[in-house]
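K.L.:
Quick one: the structure is below, and I'll ask about it shortly.
Each value in this text was obtained by applying a stated rule to the coordinates, not by laboratory testing. Not measured: the values here are computed from a predicted model. For neighbour counting, all protein chains shown are included, and Cβ atoms are generated from backbone atoms with ideal geometry for every residue, glycine included.
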Amino acid sequence: MIIGDIVLSKSGRDKGCRYMVADIINEKFILVCDGKHHSIQSPKTKNIKHVVKLSDGNPDYLSDKPGSDKKLYKYLNSD
């Protein structure tokens, strides 16, 4: 798993939610964001065992520019 990958939560209160990997803390934990509940500036810590990789993403969506969270949310929820 690398920064920018799209993952799906498979356990917890957020089961079924899509996230983008924002950072890798260590071999067990990653930081994820979705642009709505967990912004790029305040990502959620997630156990790697509790997510499954859906696809390679585009890390360009993880910028600090205004409107980036909205663009990330649209990107993750487009089918």
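K.L.:
Starting from 0.36 nm per residue, how many nanometres of slack lie between residue 29 and residue 8 once their C-alpha separation is accounted for? Could you put the intermediate results ahead of the total?
P.N.:
Values: separation 21, 0.36 × 21 = 7.56 nm, distance 1.45 nm.
Taking 0.36 nm per residue and subtracting the Cα distance, the gain is 6.1 nm.
K.L.:
Also: I want to check the label-to-label distance for residue 71 and residue 54. Put each point 7 Å from Cα in the C-beta direction and report it in nm to one decimal.
P.N.:
For residue 71 paired with residue 54, the spin-label model returns 1.9 nm.
K.L.:
Moving on. What's the angle, to the nearest 10 degrees (0 to 90), between helix 68-77's Cα axis and the longest principal axis of the chain?
P.N.:
Between the helix axis and the principal axis of the chain, the angle is about 60 degrees.
K.L.:
Mind checking which lysines have their C-alpha under 26 Å from residue 15, skipping anything on the same chain fewer than 8 residues away?
P.N.:
Result set, ordered by chain and number: 28, 36, 44, 46, 49, 53, 70, 71, 74.
K.L.:
Scan (i) 12.2, 40; (ii) 13.1, 41; (iii) 11.2, 32 for the value of Rg and Dmax of the Cα atoms in Å calculated from this model and give just the label.
P.N.:
(iii)
K.L.:
Ignoring everything except DSSP H segments at least 4 long, calculate the 222 nm mean residue ellipticity for the chain; use -39,500 (n - 2.57) per segment, divide by total residues, nearest 500.
P.N.:
Values: 1 runs with 10 residues, N = 79.
Computed ellipticity for the chain at 222 nm equals -3500 deg cm²/dmol.
K.L.:
Okay, next question. Percent relative contact order of the chain, based on C-alpha pairs within less than 8 angstrom and at least six residues apart? Before the final figure, lay out each step's value.
P.N.:
Values: 153 pairs, mean separation 25.9, N = 79.
Computed over the chain, the figure is 33 percent.
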